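Below is one structure; the comments refer to it alone.
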Amino acid sequence: MDARTALGAKFSQWLAMGPDPTGCPVRNLLDRLGDRWSMLLLAALADGPKRFSALARVIPDISKRMLSQTLRSLEGDGLVLRDVQPTVPPSVTYSLTPLGESFTTPLLGLVTWAEAHFGLVQAARARALMVPIGTSAHETPAPAPSEH
């Protein structure tokens, strides 16, 4: 079975589950993992444990509050481990759990796809911005009447 057919079959299964997104594993997890920061943090932790300050440096546009909140969410989902060492001051490191490590392969596939197709997506976005309201980006707009 090719990927399109398999994905279509999966989608049909999800529809059969009903409209409750909490019961659908894909919607439930993609809502979390598809947020602005989770995948970046998982990718940043893929090569080993990091302290909070190191994560803040490698993702400089995330606020400390959002970094803390996202790490807590990923920890709550079992993807990230927060390790506190009893030192003064306490030393805290974050790392992927085995469950988090299991997500690195699909995440790499998504990253690879994004890198390979980013230019095409940017071009499609640019075309969509030039399309007059009321038409589709796939339609060729009718030429404007000439004013002679």
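The values are calculated or read from the model by the stated rules, or taken from the named source; none is laboratory data. Fair warning: this is a prediction, and the values are worked out from it, not measured in the lab. Quick reminder, even Gly has a Cβ in these numbers, built from the backbone with ideal geometry, and neighbours come from all protein chains shown. Please note that ligands, DNA and RNA were not included when accessible areas were found on the heavy atoms of the full protein model with its side chains. Shrake-Rupley method; radii C 1.70, N 1.55, O 1.52, S 1.80 Å.
Scanning segment 1-48 for residues that are among the acidic types (Asp, Glu) and either surrounded by fewer than 10 Cβ atoms within 10 Å (Cβ to Cβ) or in contact with a Phe, Trp or Tyr (Cβ under 9 Å, 6 or more places away or on another chain) (or both) yields 2, 20, 47. Where helices (runs of 4 or more DSSP H) fall entirely within segment 1-81, those with at least 3 residues that are under 16 Å from residue 97 (Cα atoms) and at pLDDT 95 or above are at 38-45, 64-76. Within segment 128-145, the presence of at least one residue that is open to solvent by 60 Å² or more (accessible area, probe 1.4 Å), in a helix (DSSP H, G or I) and at pLDDT below 90 is confirmed. From the list 82, 72, the one residue that fits, being loosely packed, with under 14 Cβ neighbours inside 10 Å and either in contact with a helix residue (DSSP H, G or I) (Cβ under 6 Å, 6 or more places away or on another chain) or at positive phi (or both), is 82. Of the residues making up segment 3-54, those that are more than 30 Å from residue 85 (Cα to Cα) and aromatic (Phe, Trp, Tyr) number 2. Only a single item in (1) in a loop (DSSP other than H, G, I, E, B); (2) in contact (Cβ under 8 Å) with a residue 24 or more places away in the chain is not met by residue 92, and it is number (1).
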